[in-house]
1. Within the group Ala45, Ala38, which residue is among the aliphatic types (A, V, I, L, M) and either closer than 20 Å to Ser128 by Cα or crowded, with 19+ Cβ neighbours inside 10 Å (or both)?
2. So, in region 106-128, of the ones that are surrounded by fewer than 16 Cβ atoms within 10 Å (Cβ to Cβ) and within 24 Å of Glu159 (Cβ to Cβ), which residue ends up farthest from the chain's Cα centre (by Cα)?
3. I'm trying to understand the selection: among the residues of region 1-28, which are within 16 Å of the ligand (Cβ to nearest atom) and among the aromatic types (Phe, Trp, Tyr)?
4. For a quick check of your reading of the model, give me the residue pairs whose first member lies in region 195-209 and is farther than 13 Å from Gly89 by Cβ, whose second is surrounded by fewer than 24 Cβ atoms within 10 Å (Cβ to Cβ) and among the hydroxyl-bearing types (Ser, Thr, Tyr), with beta-carbon atoms closer than 6 Å and at least 6 apart or on different chains.
5. Test Asp18 against the criterion of being touching a residue at least 40 places away in the same chain (Cβ under 8 Å), within 16 Å of Gly211 (Cα to Cα), surrounded by fewer than 16 Cβ atoms within 10 Å (Cβ to Cβ) and of a type outside the set (Lys, Arg), and give yes or no.
6. Test Arg114 against the stated conditions and say whether it is among the basic types (Lys, Arg), touching an Asp or Glu at 6+ places or on another chain (Cβ under 9 Å) and either more than 20 Å from His199 (Cα to Cα) or modelled with pLDDT of 95 or more (or both).
7. Just the residues that are under 8 Å from the mean Cα position of the chain (by Cα) and within 15 Å of the ligand (Cβ to nearest atom), please, taken from region 83-99.
8. Please determine, by comparing only the residues of region 29-74 that are more than 11 Å from the ligand (Cβ to nearest atom), outside any loop (DSSP other than H, G, I, E, B) and of a type in the set (D, E, K, R), which one is farthest from Cys87 (Cα to Cα).
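The values are calculated or read from the model by the stated rules, or taken from the named source; none is laboratory data. The model shown is predicted, which means the values in this text are computed figures rather than measured ones. Neighbour counts run over all protein chains shown; Cβ positions are idealised from the backbone, glycine included.
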Amino acid sequence: MSPRIGVITFPGTLDDVDAARAVRYADGEAVSLWHADADLKGVDAVIVPGGFSYGDYLRCGAIARFAPVMASVVEAAAKGMPVLGICNGFQILCEAGLLPGALVRNEKLHFVCRDQWLRVENNATAWSTRYDQGAEVLIPLKSGEGGYMASQETLDRLEGDGRVVFRYVGGNPNGSRNDIAGITSENGRVVGLMPHPEHAIDALTGPSDDGLGVFFSALDALKPLATTA
Ligand SMILES: NC(=O)CC[C@H](N)C(=O)O
């Protein structure tokens with residue numbers, strides 16, 4: 001039986017279909033989860049995809065963190081469930097307190113849409129084991145509030161503990177502190193990143209298939225569970 005990965009849809013989400021497709025490319029079963037429903041349907045992992053949840057009103061992710069489904073995600077993450085937040089999903093995970101820091105308006109105040117090089121800084125998380133440490137990957141970035149901010153103390157802790165998973169290379173696109181593109185939780189199970197690996201799973205339609213490793217990594221982490229279940 002393939003591991004089952006839940007993909008949440010909020011009003012305004014737009015990358016749920018691509019995230020589900022990426023899960024299937026990695027031989028997982030994608031399960032749709034709805035924002036207003038606290039039931040996680042017994043999934044083994046959750047993806048909080050990109051978009052404009054609740055129209056980005058108040059602040060990106062600020063309303064979504066109160067959705068019934070997020071209370072269940074926070075509870076499951078506390079028990080070690082792998083959770084991935086992509087772009088708006090990363091913003092939601094920060095708002096929900098699953099990851100430290102916040103995403104703010106891009107430094108130049110423009111929406112940035114481009115293919116972006118990233119370096120894999122930590123290949124020991126639930127979502128990055130398929131990459132070589134230090135590998136450089138090309139992944140689309142498309143966000144207006146992608147500037148990663150945190151206190152100096154938090155940044156020092158993230159850097160000291162190796163919790164920066166992806167770092168921008170070839171130019172910082174949005175003013176993120178320390179060129180941070182993605183980080184992980186203390187236990188390495190929750191990962192959030194601004195660029196979109198689900199849009200880079202097939203060289204025919206994306207800039208590369210470099211994003212696939214994110215999904216294969218989680219499937220690798222979950223397969224032992226699925227075979228013993
Ligand atoms: N692609 C996205 O998920 C966009 C996230 C958010 N709405 C922003 O503009 O920053």
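1. Checking each option against the conditions leaves just Ala45.
2. Glu107
3. Phe10
4. Ala200/Ser208; Ile201/Tyr25
5. Values: touching a residue at least 40 places away in the same chain (Cβ under 8 Å): yes; within 16 Å of Gly211 (Cα to Cα): yes; surrounded by fewer than 16 Cβ atoms within 10 Å (Cβ to Cβ): no; of a type outside the set (Lys, Arg): yes.
So Asp18 does not fit the description; no.
6. On the way: among the basic types (Lys, Arg): yes; touching an Asp or Glu at 6+ places or on another chain (Cβ under 9 Å): no; either more than 20 Å from His199 (Cα to Cα) or modelled with pLDDT of 95 or more (or both): yes.
No: the conditions fail for Arg114.
7. Leu84, Gly85, Ile86, Cys87, Gly89, Phe90
8. Going through the qualifying residues, I end up with Glu29.
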